[in-house]
Amino acid sequence: MTAIESLIERYEAGARLLGYAAGGISPEKAVERPGPGKWSCAELVAHIVDSDLVDSERMKRVIADESATLVPYDENRWVDGLHSHEMPIEAGLALFAANRAWTARILRACDESAFRRSGLHGEKGRMTLTDLVAEMVTHLDHHLRFLYGKRANLGIAVQPRYANSVID
């Protein structure tokens, strides 16, 4: 397996990881905030889903467009402005899984040269397709750490799993 194939596999496995990490959280527990200014599990899952959709669109631009522009956004304003606290976790998980499966198919259809193509991010500078996919894998792992912590604080802990771990 090549490094790119392994990266795509880890990217696609994110759907199982998020489903495991966020599955079974009751609607009541989903909206509990651990403190002032802290996101609830529902808000965190909504952020992960929204970020995934944005980053998937960025990857498609890099693949299909010449001189792709990758527009940044303010995650806190999105969580507040898009009513993320009202979003049901199960619907978010379904959307995340569908988006990951769809985008993984696109990535698998790309040749090696596509992964060297790049776009210009408004804050991070030039990013290749490989950079974007790797960032999505690490972004999910980053937020899974918070999600596992939130679950533990709510008394509904599960054993953590990450993309850099063995995936069953």
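What to note about this one:
- Residue among Thr138, Thr103 that alone is free of Cβ contacts under 8 Å to residues at least 40 places away in the same chain, closer than 29 Å to Gly23 by Cα and hydroxyl-bearing (Ser, Thr, Tyr): Thr138
- Helices (runs of 4 or more DSSP H) wholly inside the range 1-100 that include at least 2 residues being of a type in the set (S, T, N, Q) and either over 18 Å from the mean Cα position of the chain (by Cα) or under 15 Å from Leu140 (Cβ atoms) (or both): 41-64
- The range 109-139, residues that are of a type in the set (D, E, K, R) and touching a strand residue (DSSP E or B) at 6+ places or on another chain (Cβ under 7 Å): Arg116, Arg117, Arg126
- Scanning the range 101-119 for residues that are among the basic types (Lys, Arg) and in a loop (DSSP other than H, G, I, E, B) yields a total of 1.
- In the range 157-165, the condition of being exposed (fewer than 12 other Cβ atoms within 10 Å of the Cβ) and not hydroxyl-bearing (Ser, Thr, Tyr) is met by at least one residue.
- The condition of being more than 19 Å from the chain's Cα centre (by Cα) and not in a helix (DSSP H, G or I) holds for only one of Arg126, Arg161, that being Arg126.
- The number of residues in the range 37-67 being more than 27 Å from Asn153 (Cα to Cα) and modelled with pLDDT of 95 or more comes to 12.
- Pair list, Cβ < 9 Å and 6+ apart or interchain, from the range 29-56 residues that are without any contact (Cβ under 8 Å) to a residue 12 or more places away in the chain to residues that are crowded, with 19+ Cβ neighbours inside 10 Å and not charged (D, E, K, R): Arg33/Trp39; Arg33/Ser40
- Selection from the range 12-66 of residues that are over 30 Å from Gly122 (Cβ atoms), of a type in the set (Val, Ile, Thr) and buried (at least 20 other Cβ atoms within 10 Å of the Cβ): Ile25
The values are calculated or read from the model by the stated rules, or taken from the named source; none is laboratory data. From a predicted model like this one, the values you see are computed outputs, not experimental measurements. Positions of Cβ are generated from backbone atoms using ideal geometry, with glycine treated the same way; all protein chains shown enter the neighbour counts.
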